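What follows is a set of notes on a single structure, which appears directly below.
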Amino acid sequence: MSSVFRTIDRVLPGSTYRDVAIVTVTIIAVALSYGAISAVSGFPWWQTLLLAMFALGGAAEFTFVGVIAAGGAPILAVLAGLLVNSRNFAFGVAVGPFFPQDWRALIAAHWINDESIAISRTVGNDRARWHAFLLMGAAIALMWPSGAMVGQWLGSVIDADLLGLDAAFPIILFCLIRGDLKSRPTRSLTVVGIFIAVLLTPILPLGLGTVTSLSVFVFVAAGWSIRAVVRKRRGGTAQGAASAGPAQADDSDVIDLGRQEGSR
């Protein structure tokens, strides 16, 4: 294990450790909020712990607890949590270029979430991104359940709404991805996604407006597919015209040569 961290130390810049530390503090604060809400909603400590360990999604846990606390059926709470966590499919596409293609990917897939992806985007090459992902993922896997347990034991002492801890995550994540917003396509997609999320949040249940905003990528993918097909057809037409040109020229030369021979 020590050799792994020595390798990470050689690969990652110091700023990555600072970012991981800041995000980890925020994770602990929000985990306290989750644990307190879970305790007030009547969940025993072991349910709070297992949900934090196996869901490991933040918003999914809040959604699950909120549905149960509102009197909803457990199956609806599970479905709502899964739907909120479906955003990880998009994150899974993002880690594809730097994830190892072996058994390690199966284990690390559980650590795919907003924070680990955002941290991995702050470094340059694939090797550094993999190590940054591991560092942030390990911090989340350790501190999120631990913070939830502390929040569970503190119970009603913590007023999650008063502290406003739900606003901490978006602020931190925005600071981490601000460098990606320099790209015009990324900035355009982000603005459209924000517009969709803000528009649908008052209409859809908690958390689903943000998930629905990911639909912008479906339209973008469809547009890219259509453009690729059009370019392929145009390329085939141009290639056919180019190949037909010399043949037509050869035929005209033969006709002109025949005419000259006939005149002679």
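Before moving on, here are some points about what is shown:
- Per-pair calculated FRET efficiency, R0 = 22 Å: Phe89 and Asp126 via Cβ, rounded to 0.05: 0.60
- Taking 0.36 nm per residue of separation and subtracting the current Cα-Cα distance, fully stretching the chain between Trp103 and Ile22 would add 26.2 nm.
- Were the residues from Leu50 through Arg234 laid out at 0.36 nm apart, the gain over their Cα-Cα distance would be 60.7 nm.
- Protection proxy ranking, highest mean first, for peptides 132-141, 186-195, 23-32: 132-141, 23-32, 186-195, where packing is the per-residue count of other beta-carbon atoms within 10 Å, averaged.
Rule-based calculations on the coordinates, nothing more; no lab input. Given the structure is predicted, the values throughout are model-derived calculations rather than measurements. Backbone-built Cβ (ideal geometry, glycine too); neighbour counts: all protein chains shown.
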